[in-house]
Structures are given as structure tokens and as C-alpha cells.
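Right, one structure below, let's go through it.
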Amino acid sequence: GNSVTQMEGPVTLSEEAFLTINCTYTATGYPSLFWYVQYPGEGLQLLLKATKADDKGSNKGFEATYRKETTSFHLEKGSVQVSDSAVYFCALTPSGSARQLTFGSGTQLTVLP
Amino acid sequence: EAGVTQSPTHLIKTRGQQATLRCSPISGHTSVYWYQQALGLGLQFLLWYDEGEERNRGNFPPRFSGRQFPNYSSELNVNALELEDSALYLCASSEGTSGYNEQFFGPGTRLTVL
């Protein structure tokens, strides 16, 4: 079946540090890949997505590249801010008829001033 | 434009009772998805409805059921509640059935089973 494996958290960084959250997936064919973010007390929001191999999704300074050869979709940001503190979820929707999201376990990020 | 709305915000039930959770999708969206976010178990897919039909369900027992109404709003029903059903239940909607379509999430219903 489909699965998503995320880097274990929690992750604590100082403001302006570089962020990487690793994400790898198992799925047949060409799934669509997503990063969702959940700020404290809020619902899930789409951060970025990529729908085919070598696509780069980007938003709010965050980037992730769809790597078919390594089945990865790592999230990166060059300089984090305190306001980036949240839980980040990597997810996929499979190719084929099923459309539900399969999520990773989530990574808690705390950015200290 | 209004986002996905869910009601109630919080729901407290006792073991064995039934719970009904409601979701209104974004206007124009025909697909509704239900997910469970339980402590320690992450986000798990429950049910997917599109155009009034159940399209897929996750690995949950039959006491989790639902429906989608002609206006595309949806209900999730949980019968014979168990303590482990305590969780945040998230509803999401999307414009169509393509996997490229973003799913927009509501704020969730926090269900507590005592």
C-alpha cells in the first residue's frame, strides 16, 4: 500500500537557521505530493505541492522537489522565522482512482528567537 | 469566499452513544473527505464522498459511516462509541476528483468519549 515516512521530531531551530524536513514515500506509479502545515490551534493548510517528477513546489520561502529516483519530497527553507513554528505533514495522493491523502506522522518545528 | 465549515466544534459523548459530525464544503466543491487525527496515530483517512456517492473508505470498522447530501454537505456518524474514538475529526473538500486538486480542510470537530 501507499505510505509516507517523515523525519522524526520535534525539531528546534534558532531564527534564521536552515530547515530540512525529510520525507520519503512508497507508492506505485506517479503520486501527487504535498506538504501541509498545521499552526497551533488551527486546521491544516496546504503549503506546497508537486504533481510530477522533478517538479519543485514553493511557497512562503519553503521549497520541495519531487524526486522519483529517491522517492523523496524533502521540505527546505533557507531562513526560518518564529512564525514558522508549526507541525508539518508530508502527504500523497496516489495515481489511479483513489484520491484520499496519505499522511506522514508530522514533524513539530519550534523556532526560537 | 467561505471555507470549509464543521460543526460542532467540540462534542462530548459517553461510551456506547452515537455521534454525528457535520461538514459544509466550499461552494462549488463536490468531493468531501473525512480524516481522523488521533493522538499518537497521526492523520488517517476515513471516508470520501463525491456527487452523493461513497467513493472510498479507510481501514475503519462499519460503525463509522456517513453520507453526502444533494447540496454536497456531509455527515459522519460514529455508532457505539469507544474510548479510542476520541480524536479531532477533520473534513476536507476539493473541486473535483483529480488527485491534483487541493483539499481544503475545515477546523475540525474535537470528539471526546468518556
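The values are calculated or read from the model by the stated rules, or taken from the named source; none is laboratory data. For clarity, every value in this text was computed on a predicted model and none was experimentally measured. Heads up, the Cβs are rebuilt from the backbone with ideal geometry, glycines too, and the neighbour counts pull from every protein chain shown.
Can you list the strands (runs of 3 or more DSSP E) found entirely within region A:37-113 that contain at least 2 residues being at the interface with chain B (Cβ under 9 Å from one of its Cβ atoms), closer than 14 Å to A:ILE21 by Cα and touching a His at 6+ places or on another chain (Cβ under 9 Å)? If you could, list the steps in order and put the result at the bottom.
On the way: elements: A:44-50, A:56-59, A:62-65, A:75-77, A:86-93, A:107-112.
Per the criteria, no element qualifies.
Among the residues examined, A:LYS77 qualifies as farther than 28 Å from B:SER31 by Cβ and either crowded, with 18+ Cβ neighbours inside 10 Å or in contact with a Leu (Cβ under 6 Å, 6 or more places away or on another chain) (or both). The residues of region B:50-62 that are at pLDDT 95 or above and either surrounded by 15 or more Cβ atoms within 10 Å (Cβ to Cβ) or among the hydrophobic types (A, V, I, L, M, F, W, C) (or both) amount to a single one, B:PHE60.
For region A:25-44, how many residues meet the condition of being under 21 Å from B:ALA87 (Cβ atoms) and exposed (fewer than 15 other Cβ atoms within 10 Å of the Cβ)?
Number satisfying all stated conditions: 4.
Please determine, by comparing only the residues of region B:63-111 that are exposed (fewer than 14 other Cβ atoms within 10 Å of the Cβ) and hydroxyl-bearing (Ser, Thr, Tyr), which one is farthest from A:GLY57 (Cα to Cα). Top of the filtered list is B:SER98.
When you scan region B:101-110, do you find a residue that is touching a Lys or Arg at 6+ places or on another chain (Cβ under 9 Å), away from chain A (no Cβ under 14 Å) and in contact (Cβ under 8 Å) with a residue 12 or more places away in the chain, even just one? No: zero hits.
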